[in-house]
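Step one of this worksheet: look at the structure below.
The values are calculated or read from the model by the stated rules, or taken from the named source; none is laboratory data. These numbers were taken from a predicted model, which means no experiment stands behind them. Ideal geometry is used to build each Cβ from the backbone, glycine not excepted, and the neighbour counts take in all protein chains shown. Note: areas computed on protein heavy atoms with side chains; ligands, DNA, RNA excluded. Shrake-Rupley method; radii C 1.70, N 1.55, O 1.52, S 1.80 Å.
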Amino acid sequence: MIRQVTRAGSIVLILVAALYPGVAAAHGGVSIEDDPCMRRVGESLVHFSAYQPQYELKDQYCTDIPKEGDTFLVIDLVDPALRSEPVGMRVVKGNGSNEAESQIVADVRPSSHPDGVLRGEVRLDEGLYTVTIAAEKQNLMRRPQYLLRVHMIDYQKLVRTVAAPLIGVLLLALVLYKLVRSKWLRSWWAALRS
């Protein structure tokens with residue numbers, strides 16, 4: 001009997017962890033190296049954020065931008081050494097694989113940024129864009145890039161957000177079915193009735 005209760009309790013804990021990943025992981029548990037908005041420029045780190053204050057005043061985005069329109073692009077130069085070096089940013093329409101056909105949407109020429117922030121404003125229509133950050137002293141082949149998806153459905157994320165709760169509900173239904181069909185529950189219920 002104790003073994004069945006322990007098994008049921010562990011299944012419930014697994015379901016809670018699957019359905020609510022925020023319960024199992026602490027807020028802000030992502031390290032700097034695992035942050036999808038963080039990139040390396042040689043030995044230095046940069047952090048990318050996009051803002052659309054006309055829609056949401058405080059929301060910031062990294063690679064998935066929910067709506068078309070005027071967008072503020074902000075690069076935080078995390079390492080102080082990079083702040084005295086000329087750093088620029090280029091935004092092109094497309095995924096950056098074919099430079100001959102790429103349409104330059106914004107080009108912020110390299111300059112030093114003592115405050116540690118590189119800013120740009122651009123109007124983004126629906127589609128894919130590539131943001132490339134360039135520092136003059138860094139190897140040209142190692143430029144950090146961000147692929148932006150503007151006003152596009154990310155089917156992979158959609159499947160993840162729908163599949164996890166669906167699997168959790170199916171597992172819960174299976175556990176309840178097994179529990180209802182178990183001899184232990186029937187004998188316990190019979191003992192309660194008498």
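Data for the structure
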item: The range 151-188 - residue that is open to solvent by less than 100 Å² (accessible area, probe 1.4 Å) and either in contact with a His (Cβ under 8 Å, 6 or more places away or on another chain) or among the charged types (D, E, K, R) (or both) and, of those, nearest to ASP64 (Cα to Cα); result: ASP154
item: For TYR129: the one exception among (1) under 18 Å from CYS37 (Cα atoms); (2) open to solvent by 90 Å² or more (accessible area, probe 1.4 Å); result: (2)
item: Search result, residues across the range 160-194 that are part of a helix (DSSP H, G or I) and either of a type outside the set (A, V, I, L, M, F, W, C) or modelled with pLDDT under 80 (or both); result: ARG160, THR161, PRO165, GLY168, TYR177, LYS178, ARG181, LYS183, ARG186, SER187, ARG193
item: Residues (open to solvent by 60 Å² or more (accessible area, probe 1.4 Å) and assigned to a strand (DSSP E or B)) located in the range 64-79; result: ASP70, PHE72
